[in-house]
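Asks: For reference, the structure I am asking about is given below.
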Amino acid sequence: MSRAHRADTGNELDGFLASVEHRAFRIARQAIWDDDAALDVVQDAMLRLVQKYRERPPEEWPALFFTILANRIKDVRRWRMLRARVELMFHGTNAQGEPAPLDPPGIMPGVHGDPERLADSRQIGLAIEAALGKLSRRQQQVFLLREKRGLDVRTTAQVLGCSEGSVKQHHFRAMQALRKLLGEVWDE
């Protein structure tokens, strides 16, 4: 490809990204209720489009971009739900020992969340990431596929090329380890 063609494609791609930026931000912000996270999602989607699909014909860019954006939004929402599940394991009961209802603004703090809850949420996220880093590689894989991606046992086994029994065992051990590792965070 000649330099002139690359420059034309780059200019055209820049124009396309500029034309969808505000709409993409509104879509992301409505989906995840957080301006900063929405901006990150849009920027990541743009970067992925440029890195992987810049050579595709321009008429394909809208479908590719909005598919990438939708997938990134799903990833953020899954991660937040995973954090909520982990938090529920440790804080999920009321005074009578019954499951407490989940509060979406509390799970997905944004511009309307109070600063203390937002700080707690970030602290929980860091604790989860640190605890996941202490699991074996296979336990991490199984846990993330089952809890973050929402895959069933059979599909997880197929993805990892192992038996369903192995998936169940690694998931159980990961959950035990996380309860132990994260229990210290919530007991404080």
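Asks: Return the residues of segment 132-188 that are basic (Lys, Arg), part of a helix (DSSP H, G or I) and in contact with a Leu (Cβ under 9 Å, 6 or more places away or on another chain); say none if nothing qualifies. First the steps, then the outcome.
Replies: Pass one, segment 132-188, residues basic (Lys, Arg): 134, 137-138, 146, 148-149, 154, 168, 173, 179-180.
Right, trim to part of a helix (DSSP H, G or I) and you get 137-138, 146, 148, 154, 168, 173, 179-180.
Matches in segment 132-188: 138, 148, 173.
Asks: Where the second residue is charged (D, E, K, R) and at pLDDT below 95 and the first is closer than 17 Å to residue 48 by Cβ and lies in segment 10-21, which pairs have Cβ atoms under 9 Å and are six or more apart or on separate chains?
Replies: 10/54; 13/54
Asks: While we're here: Among the residues of segment 28-78 satisfying the criterion of being within 16 Å of residue 13 (Cα to Cα) and either of a type in the set (Lys, Arg) or not assigned by TED's automatic domain parsing to the domain that holds residue 14 (or both), which is surrounded by the fewest Cβ atoms within 10 Å (Cβ to Cβ)?
Replies: Looking at the filtered set, the residue picked out is 52.
Asks: Checking residue 55 against (1) at pLDDT below 80; (2) outside any helix (DSSP H, G or I), which single condition isn't satisfied?
Replies: (1)
Asks: When you scan segment 122-131, do you find a residue that is modelled with pLDDT of 80 or more and either aliphatic (A, V, I, L, M) or not assigned by TED's automatic domain parsing to the domain that holds residue 34 (or both), even just one?
Replies: Step one: filter segment 122-131 for residues modelled with pLDDT of 80 or more, giving 130-131.
Within this subset, residues satisfying the condition of being either aliphatic (A, V, I, L, M) or not assigned by TED's automatic domain parsing to the domain that holds residue 34 (or both) are 130-131.
Within segment 122-131 (the criterion being modelled with pLDDT of 80 or more and either aliphatic (A, V, I, L, M) or not assigned by TED's automatic domain parsing to the domain that holds residue 34 (or both)), the answer is yes, since at least one residue qualifies.
The values are calculated or read from the model by the stated rules, or taken from the named source; none is laboratory data. None of these values were measured; they are calculated from a predicted model. Quick reminder, even Gly has a Cβ in these numbers, built from the backbone with ideal geometry, and neighbours come from all protein chains shown.
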